[in-house]
Amino acid sequence: SEAKKTKVKRKNNNPQFDETFYFEVTRPLSYTKRQFDVEEEDVDKLALRVDLWNASNLKFGDEFLGGVRVPLRVLGQAGVHDAWYFLQPRENGGKSVKVEDLGSLRLNVVYTEDHVFPSEHYTPLRDLLLQSANVEPVSASTAHVLGEVCREKQEAAIPLVRLFLHYGKIVPFISIIAHAEINRTQDPNTIFRGNSLTSKCIDETMKLAGMHYLQVTLKPIIDEICTEHKSCEIDPVKLKESENLETNRENLRHYVDRIFSVITSSGVRCPTVMCDIFFSLRESAATRFQVDPDVRYTAVSSFIFLRFFAPAILSPNLFHLRPHHPDPVTSRTLTLISKTIQTLGSLAKSKSANFKESYMAAFYKYFNDQKYADAVKNFLDLISTSGKWDQKSIETPIMLKEGFMIKRAQGRNRFGMKNFKKRWFRLTNHEFTYHKTKGEGALCSIPIENILAVERLEEESFKMKNMFQVIQPERALYIQANNCVEARDWIDILTKVSQSNRKRLSTYHPSAYLNGHWLCCKLSADTAPGCTPCTGGLPANIQLDVDGDRETERIYSLFSTYMTKLIKMQEACGSKSVYDGPEQEEYSTFVIDDPQETYKSLKQIISAVQTLEQQHTKYKRDKFKKTKIGSQEHPIGDKSFQCYIRQQSENTTYSI
């Protein structure tokens, strides 16, 4: 009934008005009762309304920002009411809208909230998780149990992989669960076919560690396909009238060839952590199925092609290769490319029989050439060689790169001239050698484990361009490549094969040692440590922004959610160790190799989870006690906070 206005505060988005207004509550004129006192039920109906406006000098006038309604009964007898309020919309917000006038939208939203304690709270659970790779058998380990109780294996894989990557334990963990899974597999053709914990963990690792690798390998060509919009439809039924089947087939063949060659030549860029995992998959599969010579390849290709490259080509937007889903024509092109690449990578015997569609089988005949199978095998060999060089006895050396370059004599002969000579260089995954010409015996062989660093050499050293150095324990080998691209390629691949060497240097000399001193730092001892940090060439591992405590809290939440299953699993262990007969139906879903070990682990898990549960409950109870409604953190009118209050009062032992 009575409105008052403050002064406008300009150039300020946190205004304080500090003004005083007086309102007198009087009777309406129509009031007939005799006594003058205002009665309580009248006061109950009264309210103080404060609206906040953004003052505008434009023709549209002021802009409504929100309002607060304070019923007088809230003020009560306290005299002074001091509280923060949430701004609310206008009562009817303008026009009223009939509900049926609006359309409907169906959403599926997944929301995850983790309340993370300081690190020391998680020590017991984290230690149990990180010990998983050392537990015998692995099915009794904490991480494996998590996979068993979660409804979706993916739920368990995401936090586990992040936690293990963060603590540098991912390779031993995946190696051991993969080894156990391979030993349970009867047929080499069904290796890693199901959605097991192993396959989900490897998928997740490839997504995290391999994202940069995917970007540098596929992004340029995927961008080109999306911008060119060439038609590649080879199904005669779907062909448009204006299109030519042969032209489309040629377009598709060109794209498949390009993508195939960028993938198969990208081995040197494959992240170390992925190579180490592929190495262990290959070894486990080859040992388990010794009669099948191809299983060492299919075990790796089932991940790198089927679960990494093919899905990224099919849906580039899901792998951050494109901002949006491609248009229908491009999407069809990518589907056809993805199918072909998947088949090429799977090394199946009769390829054409793999396709349900006759037009795909006809198209694939072009790729039935042996050179494609060889390229796939070479690529798989390269990405599944490990930095562990004790494996030489079982591996035949893989030729990685060869070519002519010019090298400077290393000074192995004390009185020899240190001149430059052209030599044929050859690099395998075991050694780096040079020969007088191609096909002759090696003049010098450097085992890969003796390569301590590979770095560029400054031009001033010998007044020669495109030079690099291969640093060994005794001396450095100085080499000049034919051009800058060749030099970069040699440095990349030499760095890649030697990056797991335990004795790798952290510093080096960017210039040569000439006339009794290093040209770079002028030190006279030829054994003086390097003066410049090594570049390392390629990232040995992608740095991940992982919070180990948050991941452990996530795992705690999962265990807490599936507590009934943990208890059921304990019962299953008991029933297994007592009866050796047929299992009860409800227990048969769990993998339990050793009931006693598994029972021991479950007991520790449940204890760690219950301790954390109590800490959460205590924290929430204390926080609830200290909560002051009307404070700046909890303004009056905050709906989500009101909901929280209701939950807390209904359930004082509430836990996440």
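The values are calculated or read from the model by the stated rules, or taken from the named source; none is laboratory data. These numbers come from a predicted model, not from an experiment. Using ideal geometry, Cβ is built from the backbone for each residue, glycine included, and neighbour counts are taken over all protein chains shown. To get the accessible areas, we keep the full protein, side chains included, count just its heavy atoms, and leave off ligands, DNA and RNA. Shrake-Rupley method; radii C 1.70, N 1.55, O 1.52, S 1.80 Å.
Assorted remarks:
Quick grid of which residues meet (1) modelled with pLDDT of 70 or more; (2) among the hydrophobic types (A, V, I, L, M, F, W, C); (3) farther than 27 Å from ILE277 by Cβ; (4) crowded, with 16+ Cβ neighbours inside 10 Å:
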{"position": "LEU538", "(1), (2), (3), (4)": "no, yes, no, yes"}
{"position": "GLN543", "(1), (2), (3), (4)": "no, no, no, no"}
{"position": "GLY548", "(1), (2), (3), (4)": "yes, no, no, yes"}
{"position": "ARG554", "(1), (2), (3), (4)": "yes, no, no, yes"}
{"position": "PHE559", "(1), (2), (3), (4)": "yes, yes, no, yes"}
{"position": "ILE567", "(1), (2), (3), (4)": "yes, yes, yes, no"}
{"position": "ASP580", "(1), (2), (3), (4)": "no, no, yes, no"}
{"position": "GLU583", "(1), (2), (3), (4)": "no, no, yes, no"}
{"position": "SER588", "(1), (2), (3), (4)": "no, no, yes, no"}
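- Among residues of the range 314-340, those that are open to solvent by 30 Å² or more (accessible area, probe 1.4 Å) and in a helix (DSSP H, G or I), counted: 8
- Matching option when the condition is crowded, with 18+ Cβ neighbours inside 10 Å, touching an Asp or Glu at 6+ places or on another chain (Cβ under 8 Å) and among the β-branched types (Val, Ile, Thr), among THR198, THR217: THR198
- Among residues of the range 207-227 that are within 16 Å of ILE383 (Cα to Cα), those with a Cβ under 6 angstrom from a residue that is among the polar types (S, T, N, Q), sequence gap 6+ or separate chain, pair up as THR217/SER266.
- Test result for ARG258, touching a helix residue (DSSP H, G or I) at 6+ places or on another chain (Cβ under 6 Å) and part of a helix (DSSP H, G or I): yes
- Selection status of ILE656, surrounded by 14 or more Cβ atoms within 10 Å (Cβ to Cβ) and either touching a strand residue (DSSP E or B) at 6+ places or on another chain (Cβ under 6 Å) or at pLDDT 85 or above (or both): no
- In the range 278-310, residue nearest to the chain's Cα centre (by Cα) [restricted to those that are within 16 Å of LYS377 (Cβ to Cβ) and among the acidic types (Asp, Glu)]: ASP294
- Contact map, the range 366-381: first residue crowded, with 16+ Cβ neighbours inside 10 Å, second residue of a type in the set (Lys, Arg) and at pLDDT below 85, Cβ cut-off under 9 Å, separation 6 or more or different chains; pairs are PHE367/LYS351.
- With respect to the conditions (1) within 19 Å of the chain's Cα centre (by Cα); (2) among the β-branched types (Val, Ile, Thr); (3) modelled with pLDDT under 90, ILE313 falls short on a single one, namely (3).
- Of the criteria (1) at pLDDT 90 or above; (2) open to solvent by less than 10 Å² (accessible area, probe 1.4 Å), which one VAL295 fails: (1)
- Test: GLU155 is open to solvent by 60 Å² or more (accessible area, probe 1.4 Å) and at negative phi: yes
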